[in-house]
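Encoded as structure tokens, the structure appears first; notes follow it.
The values are calculated or read from the model by the stated rules, or taken from the named source; none is laboratory data. Quick caveat, the model's predicted, so the values are computed rather than measured. Note: ideal-geometry Cβ built from the backbone for every residue, glycine included; neighbour counts use all protein chains shown. Ligands, DNA and RNA are stripped out before the accessible areas are found, and what is left, the full protein with its side chains, is counted by its heavy atoms. Shrake-Rupley method; radii C 1.70, N 1.55, O 1.52, S 1.80 Å.
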Amino acid sequence: MNMSKNLIIKGREVVEDDWQVLRLAEPVDGAPVHDPATVSVPAGKFIVPLSLWLVQREVLSARTAAGEIAVWIASDERPETLKDLLDQFPLIAVDFPKFTDGRGYSIAYNLRTRLGWTGELRAVGDVLRDQLFSMQRVGFDAYSVRSDRDVHDALKGLSDFSETYQASVDQKVPLFRRHARPLPAEVNNDGAGI
Amino acid sequence: MYQYDQYDHLIVRERIAQYRDQVRRRLADELTEAEFVPLRLQNGLYMQRHAYMLRIAVPYGLLASKQMRMFAHIARKYDRGYGHFTTRQNIQFNWVELEQTPDILTDLASVEMHAIQTSGNCIRNTTSDPYAGVAADEIIDPRPYAEVLRQWSTFHPEFIALPRKFKVAINGAVEDRAAIAIHDIGLTVVRNEAGEIGFKFMAGGGMGRTPIIGSVIRDFLPWQHLLTYTEAVMRVYNQHGRRDNKYKARIKILLKALGVEEFTRQVEAEWVDLKDGPETLTIEEMQRVIDYFQPPAYKQLDDSDVVAAQAGNKAFANWVNRNVKPHKQPGYAAVVLSLKKTGVPPGDATAEQMDFMADLADRYSFGELRVTHEQNVVLADVEQSQLFALWQEAKAHGLATPNIGLLTDMICCPGGDFCSLANAKSLPIAAAISERFDNLDFQHDIGEIELNISGCINACGHHHVGSIGVLGVDKDGSEWYQVSIGGAQGNNAAIGKIIGPSFSALQMPEVIDRLLKVYLRERFEDESFADCAQRLGVAPFKEFVYATPIAEKGGRLVGEDEYV
Ligand code: HEM
Ligand code: SF4
């Protein structure tokens, strides 16, 4: 198992990180998927599939308590499953199996707003520069950029825009409540009401 | 109309910088084509059969003359001298270079325009009634609500990678001229008994492979909750819409699978946490946006009988009857400039025509124009006394064909001549039918009819809701056309029914002719083709069309091979 440190974005900085993401291999040519109930989590700090953690929570309880086990939520899983369990984890990750699969944005939003998760929320999987701005808006604060891409370059994606119209997790107040937006002088505004 | 303030300008400017860099990275191979595709699509850039095509947003179809002039400039500088107005009230340029697209966006931004979210799996440009603000049957002007939705949906961080495209249409009048029933969300402004404004909220309509008429999920949603309720719908869709099969990914499939009741229950459950939250619209905000849409400075005029004033001028009378629409302000009228001249692809306009339309808008209509989803352009505020002068000018520029609502005012997608998804050409079919039925007296006798043509099942040409719908299909590698009748948009929206086996291109004009013959034989006085087809059903049409073989006349279709 490769234990070298990864570079990830945390907040708005590139930092070293010693978490590894454990994935149960996808079924290939009829070979079975690793069974979440029996796969064993190697030593070290691991972000494991939510499904694995749920069935192995007894086995992993000591390591979870020691802060070396976190979970990642797949895009077709519901974050509500973690409702009363959140305080067990040092971080929660959400997986983007493809950067075009946008379910992770709603999962993050719900984790932050509905479930009240305030700890680290990390995007893992197919995470690329051009998605980071939106990811930060829905509540992510850590990004494990796809390993073939330059993480320093990706950092720039967090600053693509300096204003946004709508509210989300990062900015709870929409533009229209934040700023006075007076009409340009030439617009005639003595007309009808609502 | 709406005007950008510093925030709109800032966001569009930052978007151009972001997109310019994305193009740079693509050209430098720092982005793969697969990674670039969703990024360019969210900026309306498609790869077509021959070249890139750029789709530019015209929010709810409303244009200032300087914006129309900018289209002319883009057509000349970056394209081949013309553009194509679409059923989504946008405009497309078919021959742009990737390298130049950031510069096009910079030019567009100088007149408060962009190409944001005109494509891709995000919330698209909201469409609306082209007669908004002037229609006599209007309950309330839908444009401010469309504008509020535009801003809210622009770069919505949670909904940038939906299962599929998402289209919203809004109508504020008694008659639905925005085809709301065939949109992912269709809104109608209504007043409740207390006189308060709200929306009848429909969801789950759409065309494409599985055409479905939308379902009402709320009879009355107070206007304050427009954004929060839409957000709830979007979140349910984002999480539960199918992603395993692109053809089953639209919200209509989710809604059908869950049933309206269960779908609505989930939306309402999602809404509980959002209701009355920060995105709840305030009176101040709504009034601010409404203030942008104040009526122009109309003169105090009386209605006049312009046709009588030009007694004996049949051509003018025809044009007034077809292309001039009533207006709620006495002494004014709305004028439709027809982009359906025989021999021209429906919706196409040259740079010269665009400049000219901008000119007309400045001189006759307070500098504004609207794009209709039937692919025409409207001047909404013309003084009746100016109609004759306007007509003469428009005629000289090929924009006064008196065919609005008639057979040759057909909707047609670019089809196989441009589109890489096409199964068959559509423009030559449109051209051949136009040519065959060019006779205006005959067209006037047929009356209102919607002929809609799509080159494939994606239904960009709205064929499902045409009185006559033509769909290009592929049979063993050759191009065929399937015909349906009885479709309708608007208040009585319906999906057309297929009449039988498909036809070759060369048979199509005769097929249309036979359908019309049945109608002429069977119709009651004043009965439209649509009503007649609804009443009779497919059987008599089918019987007559297939009764005798249809010769492939002519050997070559008009317009064939012309659009490469
Ligand atoms: C580059 C050319 C185009 C491509 C590749 C394209 C692609 C598509 C696709 C794939 C769909 C089906 C989406 C679905 O059902 O999930 C579709 C639907 C549609 N497109 Fe296009 N299109 C093109 C041009 C146009 C044009 C020129 C118009 C307008 C004239 C248009 C308007 C529409 C409309 C109205 C629909 C139906 C939406 C619905 O199902 O509710 N498209 N298009
Ligand atoms: S209907 Fe098909 S052929 Fe026509 S524009 Fe749409 S995708 Fe292309």
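So the values come out like this:
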| quantity | calculated |
| --- | --- |
| Residue in the stretch B:11-33 that is among the hydroxyl-bearing types (Ser, Thr, Tyr) and within 11 Å of another protein chain (Cβ to nearest Cβ) present | yes |
| Some residue of the stretch B:148-162 being modelled with pLDDT of 95 or more, away from ligand 2 (no atom under 16 Å from the Cβ) and away from every other protein chain (no Cβ under 14 Å) | no |
| Matching residues in the stretch B:471-490 - criterion: being within 16 Å of ligand 1 (Cβ to nearest atom) and of a type in the set (Asp, Glu) | B:ASP474 |
| First in the stretch B:452-466 and away from every other protein chain (no Cβ under 14 Å) and open to solvent by 10 Å² or more (accessible area, probe 1.4 Å), second anywhere and more than 8 Å from ligand 2 (Cβ to nearest atom) and of a type in the set (Ser, Thr, Tyr), Cβ under 6 Å, 6 or more apart | B:HIS462/B:THR87 |
| Filtered residue count, the stretch B:130-147, keeping only those that are among the β-branched types (Val, Ile, Thr) and open to solvent by 10 Å² or more (accessible area, probe 1.4 Å) | 2 |
| Residues located in the stretch A:115-152, provided they are open to solvent by 30 Å² or more (accessible area, probe 1.4 Å), under 11 Å from the mean Cα position of the chain (by Cα) and farther than 14 Å from A:LYS10 by Cα | none |
| Residue list for the stretch B:417-435, filter: within 16 Å of ligand 2 (Cβ to nearest atom) and open to solvent by 10 Å² or more (accessible area, probe 1.4 Å) | B:PHE418, B:CYS419, B:SER420, B:LEU421, B:ALA422, B:ASN423, B:LYS425, B:ALA431 |
| Within the stretch B:304-332, tally of residues that are in a loop (DSSP other than H, G, I, E, B) and under 12 Å from B:GLN384 (Cβ atoms) | 8 |
| Extreme residue, nearest to ligand 1 (Cβ to nearest atom), among residues of the stretch B:191-220 that are hydrophobic (A, V, I, L, M, F, W, C) and within 14 Å of chain A (Cβ to nearest Cβ) | B:PHE199 |
| Residue satisfying condition, being touching a Gly at 6+ places or on another chain (Cβ under 8 Å), open to solvent by 30 Å² or more (accessible area, probe 1.4 Å) and part of a helix (DSSP H, G or I), within set A:ARG177, A:ARG112 | A:ARG112 |
| Output for the stretch B:157-182, where each listed residue is within 10 Å of ligand 1 (Cβ to nearest atom) and in a loop (DSSP other than H, G, I, E, B) | B:PRO163, B:ARG164, B:LYS165, B:LYS167, B:ALA179 |
| Near pairs, Cβ below 7 angstrom, 6+ apart or cross-chain, from the stretch B:85-114 (within 18 Å of B:ASN125 (Cβ to Cβ)) to any residue that is more than 16 Å from ligand 1 (Cβ to nearest atom) and aromatic (Phe, Trp, Tyr) | B:PHE93/B:TYR78; B:ILE104/B:TYR78; B:LEU105/B:TYR19; B:GLU112/B:TYR4 |
| So B:GLY405, is it part of a helix (DSSP H, G or I) and either more than 20 Å from B:GLN507 (Cβ to Cβ) or at pLDDT below 95 (or both) | no |
| Matching residues in the stretch B:99-131 - criterion: being touching a Phe, Trp or Tyr at 6+ places or on another chain (Cβ under 7 Å), part of a loop (DSSP other than H, G, I, E, B) and closer than 26 Å to B:ARG191 by Cα | B:THR126 |
| Criterion violated by A:GLU163 - all others in (1) more than 10 Å from chain B (Cβ to nearest Cβ); (2) open to solvent by less than 40 Å² (accessible area, probe 1.4 Å); (3) closer than 28 Å to B:LEU39 by Cβ; (4) over 14 Å from the mean Cα position of the chain (by Cα) satisfied | (1) |
| Residue satisfying all of: in the stretch B:95-118; among the polar types (S, T, N, Q) and open to solvent by less than 10 Å² (accessible area, probe 1.4 Å); farthest from ligand 1 (Cβ to nearest atom) among these | B:THR101 |
| Filter pass, B:ASP438 being in a strand (DSSP E or B), at pLDDT below 95 and either surrounded by fewer than 20 Cβ atoms within 10 Å (Cβ to Cβ) or not acidic (Asp, Glu) (or both) | no |
| B:LEU54, sole failed condition from (1) within 16 Å of ligand 2 (Cβ to nearest atom); (2) more than 21 Å from B:MET1 (Cα to Cα); (3) open to solvent by 20 Å² or more (accessible area, probe 1.4 Å) | (3) |
| Subset tally (residues that are assigned to a helix (DSSP H, G or I), open to solvent by less than 60 Å² (accessible area, probe 1.4 Å) and over 18 Å from B:ARG235 (Cβ atoms)) for the stretch A:83-104 | 1 |
